[in-house]
Amino acid sequence: MCGIVGYIGSRQALPVLLEGLSRLEYRGYDSAGVALGQADGVWLQRTVGRVADLKREVRQAPAASLGIAHTRWATHGGVTVANAHPHTDATGRIAVVHNGIIENMTALRAMLTAEGVVFRSETDTEVLPHLIRRHLQGDPVDAVRRALEHIRGTYGLVALFADHPDVLVVARNGSPLVVGMGDGEAVIASDPQAVVEHTRRVVYLQDRELAVVSTSGVDVRRFDGTMLDLNVELIDADYDVANREGFTHFMAKEIAEQPRSVRRCLRGRVDADEGNARLGGLQLSNRDLAAVQRVITIGCGTSYHAGMAGALAIEALARVPARAEIASEFRHRHPIILRDALFLAISQSGETADTLAALGEIQLKGGEVMGVVNVVGSTIARACGRGVYLHSGPEVAVASTKAFTSQVTALLLFTLMLARTRDLSLTRGQEVARALASVPEKVAHYLDHPGPIDAAVAAVKDARYVLFLGRGFSFPVALEGALKLKELAYIPCEAYPAGEMKHGPIAMLEAGTPVIFVAPTDDQRDKAISNMMEVKARGATLIVIHTAGDDEMAALADVAIAVPPVLDLVSPLVSVLPLQLIAFHTGLALGRDIDKPRNLAKSVTVE
Ligand code: F6R
């Protein structure tokens, strides 16, 4: 979603800002802009479209060693140059970039309009430079602080003052910001990706903190003025977004990387002899685990689907009641937070606003939330304090792939731990531990032998509708397959538990309708075969993801894609792979923007 970059130092700011924006492109955006500090005011350039378009338009930019830049993902107001950030005050001497949402913008716009301010955009952000101007009496930091007293909502913002070229003023409430501290310079960003190539020494701002950034360093204070000790951290060396490493797209690279990313998630965490797992970051003793009476996962999109697969495994193996919740719904339905429940907040980015808000509500009511997060040091990881890191490495493609398999892997490790503190025997524990340890090899085997993906793509690419079906552990996989195909190909899809098809969605089937059935061999196999017969009887085209060696099932399919045999609760980790490939190749065949599908953002930082 929206990206912020700021620079102050002795180098030319523009190349640093533009390179930073390029590194944030993966988050998704629809317009971009830059503001440079000049003695005669702010120099501003904004454009609709890509950072590459902005780069073309700033060729005549003046020299400057102070600047801010932004990629915008439209919320308030359409995708126009006027709505793109940075926004300036009426004098053109203050510029602001902002992520987040100002909830009381209507009242603030009315107040400022009554005072004579003429708004030039439809955005919530534009109130900020006007409010800051209203309070500016010499000290820029005080002006920002007093302006923020009016604001209700979330923000990560950077303010630039043409009359104070020695500072950038930065503030955070609910939207991440990091200040990278270099030698005589600082790079500010909403994501460490834009900082890491300049310095690994960073300060993460916390909510309701304000930082004054200059060439000589940074000082951080609370909104009430209390000065805070600097907490300088080192960004992980492997945080840097790798290049595509010869792949045409990040998504293709990330799909191919899964044997390695799952192996990293498992490393040091499987105890094959004891038939157990170790997740030290949870800081839960066996006694603590044994006391857990229910588990609730919270997440959005792909992370919600991973949570669903995890919840099913927890109930099946550990016999602990478990369910998955959609984070964006959770806190708004006044949830009951039971003290004996353990909540798991699942997030690749660790910045998803809906998940963050849900976990805040749980914590407020005294509930225990642990993170299952990929990005180290992200807001959700910090807010939880305890949890499991996925160690997938940076996921750049907007459509999540390797994060899903790592999330499910981490949840299965947790399931095994939980189950072993109950009545799961050593022998059965060893069987599950072995099954988990063998996943990287099974994933690699499938990716080397992906089967007739082309035939599946030919069946779905011109379809008006695609139905995904699965039973038990395969239903979350069906949901994930449908989400991927929607995102990548923009084809209407839906996913149903296969037994539910006859209660409605079967009406959608006619000759040639593609039905993708996720049906690895498990205890629901015979029921799945009956559902396949119902599909075939309507003349629909049946694409089956089945376990290698299940020839009877393969024979029923118009397109049969075999995945390696695995334990049933581990099956999502292999049966999702063909669905990722079908979505990728269908998107490619239709000429879609694979790594940045329309309207989507990698990190959804607004509710
Ligand atoms: C789908 C996708 C999204 C994310 C969702 C949650 O391909 O990427 O559905 O899964 O926005 O994001 P995180 O996991 O970062 O909280």
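The values are calculated or read from the model by the stated rules, or taken from the named source; none is laboratory data. Owing to the predicted nature of the structure, the values given are computational and were not obtained by experimental measurement. Note that we place each Cβ from the backbone using ideal geometry, even for glycine, and neighbour counts take in every protein chain shown. Surface areas here come from the heavy atoms of the whole protein model, side chains and all, with no ligands, DNA or RNA. Shrake-Rupley method; radii C 1.70, N 1.55, O 1.52, S 1.80 Å.
From the residues Gln580, Tyr465, Ser530, which one has its Cα farthest along the dipole of region 449-592 in the positive direction, the dipole being from +1 and -1 charges on Cβ of Lys/Arg and Asp/Glu about the Cα centre?
Tyr465
Could you tell me the calculated FRET efficiency between Leu338 and Glu274, based on Cβ-Cβ distance and R0 = 30 angstrom, to the nearest 0.05?
0.50
Give me the Å³ per residue figure for the convex hull around the C-alpha atoms of the chain. Please list the in-between numbers first.
Values: hull volume 93.9 nm³, N = 607.
With only Cα atoms used, the chain gives 155 Å³ per residue.
Taking amide H positions as placed 1.01 Å from N in the peptide plane, with prolines and chain starts having none, which residues 5 or more places from Gln38, or on another chain, fall under 5 Å of its amide H?
Excluding prolines and chain starts, which carry no amide H, the hits are Trp43.
Work out from phi, with θ = phi - 60° and the Karplus expression 6.51 cos²θ - 1.76 cosθ + 1.60, the ³J(HN,Hα) of each residue of region 493-503, listed in order in whole Hz, and give x for Gly and Pro.
Running phi through 6.51 cos²θ - 1.76 cosθ + 1.60 with θ = phi - 60° gives 9, 9, 10, 9, x, 4, x, 8, 3, 5, 8 Hz.
Excluding Asn531 itself, calculate the net charge of residues whose Cβ lies under 14 Å from the Cβ of Asn531, where each Lys or Arg counts +1 and each Asp or Glu counts -1.
Numbers: positive: Arg471, Lys502, Arg525, Lys527, Lys536, Arg538; negative: Glu500, Asp522, Asp526, Glu534.
It works out to a net charge of +2.
Just to check I understand the Karplus step: with θ = phi - 60° and J = 6.51 cos²θ - 1.76 cosθ + 1.60, what whole-Hz values come out for region 599-606, glycine and proline as x?
Those phi angles translate into 6, 9, 10, 5, 10, 8, 9, 10 Hz.
At 1.4 Å probe size, with the rest of the protein present, what percent of the exposed accessible area of region 3-234 is carbon and sulfur atoms?
Values: 4080 of 8570 Å².
C and S fraction of accessible area: 48 percent.
Quick one: plug the Kirkwood hydrodynamic radius of region 107-227 (C-alpha pairs) into Stokes-Einstein at 20 °C, 1.002 mPa s, and report D in µm²/s.
On the way: Rh = 15.1 Å.
Translational diffusion coefficient: 142 µm²/s.
Where the only charges are on Cβ atoms (+1 Lys, Arg; -1 Asp, Glu), what is the dipole of region 3-234 about its Cα centre, to the nearest 20 debye? Write down the numbers at each step before the final one.
Details: 23 positive and 27 negative charges, 76 e Å.
It works out to roughly 360 debye.
Any idea how far the Cα center of region 117-189 sits from the one of region 1-76, in Å?
Cα centroid of region 117-189 versus Cα centroid of region 1-76: 16 Å apart.
Roughly how many percent of the accessible protein surface of region 252-380 is carbon and sulfur, given a 1.4 Å probe and a whole-percent answer? Before the final figure, lay out the partial values.
On the way: 2380 of 5020 Å².
Roughly 47 percent, rounded to a whole number.
Given charges of +1 on the Cβ of Lys and Arg and -1 on the Cβ of Asp and Glu, with all other atoms neutral, how large is the dipole of the chain about its Cα centre, in debye to the nearest 20? Display every interim value, and only then the final one.
On the way: 61 positive and 69 negative charges, 66 e Å.
With only Lys, Arg, Asp and Glu charged at Cβ, the dipole is about 320 debye.
If the cut-off is 29 Å between C-alpha atoms, which lysines fall inside it for Lys602, apart from same-chain ones fewer than 8 positions away?
Within the straight-line cut-off, Lys602 pairs with Lys55, Lys253, Lys402, Lys442, Lys461, Lys484, Lys486.
Restricted to Cα positions, what overall size does region 449-592 have along the principal axes? Three whole-Å values, descending.
Extents along the principal axes: 39, 33, 24 Å.
Under the rule of at least 5 residues apart or a separate chain, name every residue whose amide H is placed under 5 Å from the amide H of Leu344.
Sorted by chain and number, the residues that satisfy this are Ile296, Thr297, Ile298, Met370.
Pick out, from Val372, Asn173, Leu317, the residue whose Cα sits farthest towards the positive end of the charge dipole of the chain, with +1 on the Cβ of Lys and Arg and -1 on the Cβ of Asp and Glu.
Asn173
Count the net charge of all other residues whose Cβ sits under 15 Å from the Cβ of Asp454, scoring Lys and Arg as +1 and Asp and Glu as -1. It would help to have the intermediate numbers written out before the result.
Numbers: positive: Lys461; negative: Asp462, Asp558.
My count for the surroundings of Asp454 gives -1.
Mind listing the long-range amide H neighbours of Gly470? Cut-off is under 5 Å, sequence gap 5 or more, other chains count too, H placed in the peptide plane at 1.01 Å from N.
Excluding prolines and chain starts, which carry no amide H, the hits are Tyr496, Ala498, Val518.
Which net charge results for the neighbourhood of Glu149, defined as the other residues with beta-carbon distances under 14 angstrom from its beta-carbon, given Lys and Arg at +1 and Asp and Glu at -1?
Details: positive: Arg134, Arg145, Arg146, Arg152, Arg208, Arg222; negative: Asp142, Asp224.
With Lys, Arg at +1 and Asp, Glu at -1, the net is +4.
Karplus couplings for region 426-432 from phi (6.51 cos²θ - 1.76 cosθ + 1.60, θ = phi - 60°), rounded to Hz, Gly and Pro as x?
So the J values, rounded to whole Hz, are 4, 4, 5, x, 5, 5, 5.
Using a 1.4 Å probe, what is the accessible area per residue for region 3-234, in Å²?
Working: 8570 Å² over 232 residues.
Ligands and nucleic acids excluded, the figure is 37 Å² per residue.
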